[in-house]
Ligand code: PAF
């Protein structure tokens, strides 16, 4: 496994790889490090379908708000490199901030996410967050020029906003959405689960149970969003539901669900821990 820390070394590698292997494909897995099983599933997806897998590990300052502590974000360089090497990753790109943003002025976003998608749900309390995500993702796409880039469905809003950018700007790559990784009991994996007590974990299982209840209702032929929400909220009764929405891929609320274009997003707070889950229909 090769590790690059400068954009120049990465660019040199990409140019050589593409000229020597014109038929071979490059897969990019963008991450902010502190890798867990969720990231590993993205890495494995890329290793399965691409000839060369590049994992980027970069804690991106432009997606952190003023009240969010960029400096406190976990950095686990050695463990991350170990995970990548063991998985069989070819290249890890782990630049310093000065490599990705060489001038202070480049910390300003030049391309913004559509407000209707970026300022709702997760973006409501994180102004500018998705602009920062798009800024770094676009930089990575331009540096790596991947054939495919892998993102988890768990961060559904991020995935949809990235897909929209790729579509709107005619970017020449495929975004590969990867399934949510769950534990045996159905709880969506998150580093935040570690903050839950055993009883908190038991309560958290009701989140995926609520989505399962919705799936069953859809299979029974129910299409009405109001009714589907009622069914989910019944399972979540007594829990602090921050939001539960049924939206299309532009994140607009819809009254009737439609196959392949509907998303049910839920955020629940348990013991002060914010837990996200979702269902793609
Ligand atoms: O999902 C993440 O870890 C980040 O938002 C991403 C896509 C790597 C951009 O910094």
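Here, each number is a calculation from the coordinates, and none is a lab measurement. Predicted, not measured: the structure shown is a model, and the values here were computed from it. Neighbour counts are summed over all protein chains in view; Cβ atoms, including those assigned to glycine, are modelled from backbone coordinates with ideal geometry.
In whole angstrom, and with the biggest value first, how far do the Cα coordinates of the chain range along each principal axis?
Dimensions of the chain along the principal axes of its Cα atoms: 56, 39, 38 Å.
Please compute the Cα-Cα pair-distance distribution of the range 193-269 with 5 Å bins starting at 0, giving whole percents from short to long.
3, 15, 27, 23, 16, 9, 5, 2
With contacts defined as alpha carbon pairs under 8 Å and 6 or more residues apart, what's the relative contact order of the chain in percent?
17
Run the helix sum for the chain: -39,500 (n - 2.57) per DSSP H stretch of 4+ residues, divided by residue count, reported at 222 nm to the nearest 500 deg cm²/dmol.
Taking each H run of at least 4 residues, the total per residue is -12000 deg cm²/dmol.
Under 25 °C and 0.890 mPa s, how fast does the range 132-182 diffuse according to Stokes-Einstein, given a Kirkwood radius computed over C-alpha pairs? Answer in µm²/s, whole number.
Result for D is 219 µm²/s.
Remind me, relative contact order of the range 143-184 in percent, using alpha carbon pairs under 8 angstrom and six or more residues apart?
Reported as a whole number, the value is 54 percent.
Given the chain, what percent of its DSSP beta bridges are antiparallel, to the nearest 5?
50
Which of the peptides 177-185, 114-122 is most tightly packed, and how do the rest follow, judged by the mean count of other Cβ atoms within 10 Å per residue?
Per-residue Cβ counts within 10 Å, averaged per peptide and sorted highest first, yield 114-122, 177-185.
Rg(Cα) of the range 1-85 divided by 2.2 N^0.38 Å?
1.22
Mean-square fluctuation check for the chain, GNM, Cα pairs under 10 Å: which of 61, 198, 172 is largest?
So, out of 61, 198, 172, the one fluctuating most is 198.
Starting at 0 and stepping by 10 Å, how many percent of the alpha carbon pairs of the range 96-174 end up in each bin?
All Cα pairs, binned at 10 Å, distribute as 17, 50, 32, 2 percent.
If each of residue 78 and residue 15 carries a label point 7 Å out from its Cα toward its Cβ, how far apart are those two points in nm?
3.6
Which whole-number percent gives the relative contact order of the range 1-71, counting Cα pairs below 8 Å spaced six or more residues apart?
It rounds to 31 percent for the range 1-71.
What's the Cα-based Rg to Rh of the range 104-241, Rh via Kirkwood?
Value, to two decimals: 1.03.
Taking the number of other C-beta atoms within 10 Å as the exposure measure, put 192, 206 in order starting with the fewest.
Listed from fewest to most nearby Cβ atoms, that is 192, 206.
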